[in-house]
Amino acid sequence: MLMDHTTIKNLLSAFLDNELDDLQKAEISAHLTGCQDCEEELTLLQKLDEFSKENSPVFPDKDFWNTFPGRIRSQISQNYLNIQKKEANMFKDSLFKAEKGRGQKALAFPIAFLLHASLVAAMVVLPLMNSSNLPQIEVYSAFLAPPPPPPPPPPPPAKKSRAKRARTRIKPVQARTNITPGQLVAPVEIPDEIAEEELIDIGVEGGVEGGVEGGVIGGVLGGVVGGVLGGVVGEFQAPVRVAGEMRLPKLIKRVEPIYPEIARQARIEGVVIIEATTDIYGRVQDIKVLRSIPLLDQAAIDAVRQWVYEPTVINGRPRGVIFTVTITFTLK
Amino acid sequence: MRQFEQNGDHKLILRAKDGDMDAFETLVKKYQKPIYAFCRRMTGEHQSADDLSQETFIKAYISLQKFKDGMSFFSWIRKIALNNSLNYLKKRKREESLGIREIKVTENLNSSPQELPQEQLQRNGLEVKFKEALEALPLDHKTVFILRVFENLSYKAIAAFLNIPPGTVMSRLSRSREKLKTLLAEHL
């Protein structure tokens, strides 16, 4: 492949430096004989090199060179002094020695980086791998109202068609015999088919979808068996303070307080007044000391906590009651 | 010079590594001129060339333990000189752009302080022209030109020295010559 004029002109510099391969050299030599422009260019380049060498700056004189090594020598020793001084100062300030090796310095960053990365990775990955060991936090329960009580099992609604069918089949039998309740009577006529009774599916006329077996007509979904009509599902009934005409609940179970040994030895006597709160079943649930005798309080609280009262019923509903109990400690 | 270098350097370096200042001084005496010349061509000033060549030898002495046998001591210190010069020139360029150094540039343009005024006058012609033309080149072009023309290195050696591909050496050199040729056209 032959090179064009411009390419050759650009290669002349390398040609001058004898840096081309034989093929290129041969081609350029051939081109030069014919191309005056390139020949002139090459001469110019040669002249430039000569000019550069001729006009490069002149060296300083002998004195300069004779003193040069000495100056370097003194500078080096000064340098060392400075370094030593610096190090000495450093030791004054801190007790660790500066690392001179560059390799250790260069390694410090990657090592620190790796350590940090692995630490973070461990902190992220380990909990992911061991998720079973972690305490389960119910996030939602923390923000939302408590879940509603589980709904009662679904019972059947009254299925009219089935009831009708059964009735139509049984009716003729019932009509012809007078069956007295509590007496076994053989059927007069054997029915050709006995309607299968689905025990599970006993519907109540007027029942509600989602009602409970044993529920009351007019009851509320989500209500409790044995609940009271007119009650509200989930309603919390605050205990009532005994006041006015209300009578104190009757104590069913009484546990005598134990006289504390330390109080006995100190010969402490007195009256502890306690405010007790019962739940709807009459059990003492909450206790507050109204009049305190420090050494006797705990004994009184321990005793009253075990007391059981008759449940108080207000407006047909059992309610908790708040009242005061007076316990007298006397030494015999 | 190369032969001379290989014959004597090895022992001198070993001694200098052990802290023998006389051995190191011999090395300095041997290479002070080429190192100074290189710095002088890179910077174009006597004062900075003096500073840089001193710095080069001091740095060489301090990091002499890193010098490995089998390397050429001269190309090793020349590399130090190159790095020093490049750093210096970059710094000078920054300072010039901020206008800090203006005075110093004009004050000590092309002469050593020991020169006679007459010599200075003679020189003010072509040499200054050439220096100015060289200064006009971009730094990396100038470096390649100096290494080729004054240090007489092959393209391969320059490529290895500067850690660039040989093709780049070729193109930079060609462009430097092209530019110098136009700048110095009237003197050629």
ask   = A:Val284: out of contact with any strand residue (DSSP E or B) (no Cβ under 6 Å at 6 or more places or on another chain), in a strand (DSSP E or B) and closer than 13 Å to A:Pro249 by Cβ, yes or no?
value = no
Test: residue in segment B:155-163 that is open to solvent by less than 30 Å² (accessible area, probe 1.4 Å), more than 12 Å from chain A (Cβ to nearest Cβ) and hydrophobic (A, V, I, L, M, F, W, C) = yes
inquiry  = Could you check segment B:67-125 and list, in sequence order, the residues that are at pLDDT below 60, in contact with a helix residue (DSSP H, G or I) (Cβ under 9 Å, 6 or more places away or on another chain) and among the hydroxyl-bearing types (Ser, Thr, Tyr)?
reply    = B:Ser111, B:Ser112
ask   = Can you pull out the residues in segment A:255-286 that are basic (Lys, Arg) and crowded, with 16+ Cβ neighbours inside 10 Å?
value = A:Arg283
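In the set A:Gln84, A:Gln46, A:Gln78, which member is more than 10 Å from chain B (Cβ to nearest Cβ) and either farther than 17 Å from B:Tyr36 by Cβ or not in a helix (DSSP H, G or I) (or both)?
Numbers: A:Gln46 fails: more than 10 Å from chain B (Cβ to nearest Cβ); A:Gln78 fails: more than 10 Å from chain B (Cβ to nearest Cβ).
Of A:Gln84, A:Gln46, A:Gln78, the one residue that is more than 10 Å from chain B (Cβ to nearest Cβ) and either farther than 17 Å from B:Tyr36 by Cβ or not in a helix (DSSP H, G or I) (or both) is A:Gln84.
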task = Pairs only if they're at least six apart or on different chains, beta carbon under 8 angstrom, first in segment A:67-95 and open to solvent by 60 Å² or more (accessible area, probe 1.4 Å), second at pLDDT 80 or above and charged (D, E, K, R); list them, first residue then second.
result = A:Arg73/B:Glu25
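Would you pick out the residues in segment B:38-87 that are small (Gly, Ala, Ser) and either closer than 19 Å to A:Ile72 by Cα or in a helix (DSSP H, G or I) (or both)? If you could, list the steps in order and put the result at the bottom.
Taking segment B:38-87 first, the residues small (Gly, Ala, Ser) are B:44, B:48-49, B:53, B:60, B:63, B:70, B:72, B:75, B:81, B:85.
Matches in segment B:38-87: B:Ser48, B:Ala49, B:Ser53, B:Ala60, B:Ser63, B:Ser75, B:Ala81, B:Ser85.
The values are calculated or read from the model by the stated rules, or taken from the named source; none is laboratory data. Everything numeric in this text was worked out from a predicted model, so none of it was measured. FYI the Cβ positions are ideal-geometry reconstructions off the backbone, even for glycines, and counts take in every protein chain you see. Surface accessibility is based on the protein's heavy atoms, side chains included, excluding ligands, DNA and RNA. Shrake-Rupley method; radii C 1.70, N 1.55, O 1.52, S 1.80 Å.
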